[in-house]
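Laboratory data are not the source of any read-out in this text; all were calculated from the coordinates shown. Bear in mind that the values here come from a model prediction, so they are computed numbers and not experimental data. Here the Cβ is made from the backbone with ideal geometry for all residues, glycine too, and neighbour counts use every protein chain on show.
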Amino acid sequence: MYITLKRNWSVLSFDKRTGRTKPASIEAGRYEVKRIKNPTGRNDQNWLVLVNEPIGAAEVFWRTWTKGSRSLKDSKNPKSEIVIEEE
């Protein structure tokens, strides 16, 4: 699975040792991601995280900015689009 970001995005980094999240960012580009259970254990929403990195966000967050989504239609920034490629 791949995700293409057309701009830099603010996301979270998860520390498995402490169970805490902290702000992180991902630069514009194309990344391989994997789907995991929510690492915070707060709800049932899966996360998409960069492969080999503890950085990502809830899958529903990423999908909010895909083509045809309401958030993207309401956005004044065309670089807000995120492309998700599933194999």
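What to note about this one:
- The residue that is surrounded by the fewest Cβ atoms within 10 Å (Cβ to Cβ), counting only those in the stretch 34-53 that are free of Cβ contacts under 8 Å to residues at least 40 places away in the same chain and hydrophobic (A, V, I, L, M, F, W, C), is Val51.
- Every pair of residues 6+ apart whose Cβ atoms lie under 8 Å, when the first sits in the stretch 15-33 and is under 19 Å from Lys79 (Cβ atoms) while the second is among the charged types (D, E, K, R) and surrounded by 10 or more Cβ atoms within 10 Å (Cβ to Cβ): Ala28/Lys6; Ala28/Arg7; Ala28/Lys79
- The residues of the stretch 12-26 that are among the hydroxyl-bearing types (Ser, Thr, Tyr) and over 13 Å from the mean Cα position of the chain (by Cα), listed by number, are Thr18, Thr21.
- Taking residues in the stretch 61-87 that are under 15 Å from Asn8 (Cβ atoms), and partners anywhere that are assigned to a loop (DSSP other than H, G, I, E, B) and aromatic (Phe, Trp, Tyr), the pairs with Cβ atoms closer than 6 Å and at least 6 places apart or on different chains are Ser80/Trp65; Ile82/Trp65.
- Residues considered: Lys16, Lys6, Lys22. Of these, the only one that is surrounded by 13 or more Cβ atoms within 10 Å (Cβ to Cβ) and charged (D, E, K, R) is Lys6.
- Entry remark, the stretch 65-87: residues being loosely packed, with under 15 Cβ neighbours inside 10 Å and not in a strand (DSSP E or B) number 14 in total.
- Condition check for Phe14: in contact with a Lys or Arg (Cβ under 8 Å, 6 or more places away or on another chain) and of a type in the set (A, V, I, L, M, F, W, C): yes
- Meets criteria (basic (Lys, Arg), in a strand (DSSP E or B) and touching a residue at least 12 places away in the same chain (Cβ under 8 Å)) for Arg7: no
- Those residues of the stretch 54-64 which are surrounded by 14 or more Cβ atoms within 10 Å (Cβ to Cβ) and not small (Gly, Ala, Ser), in sequence order: Pro54, Ile55, Glu59, Phe61, Trp62, Thr64
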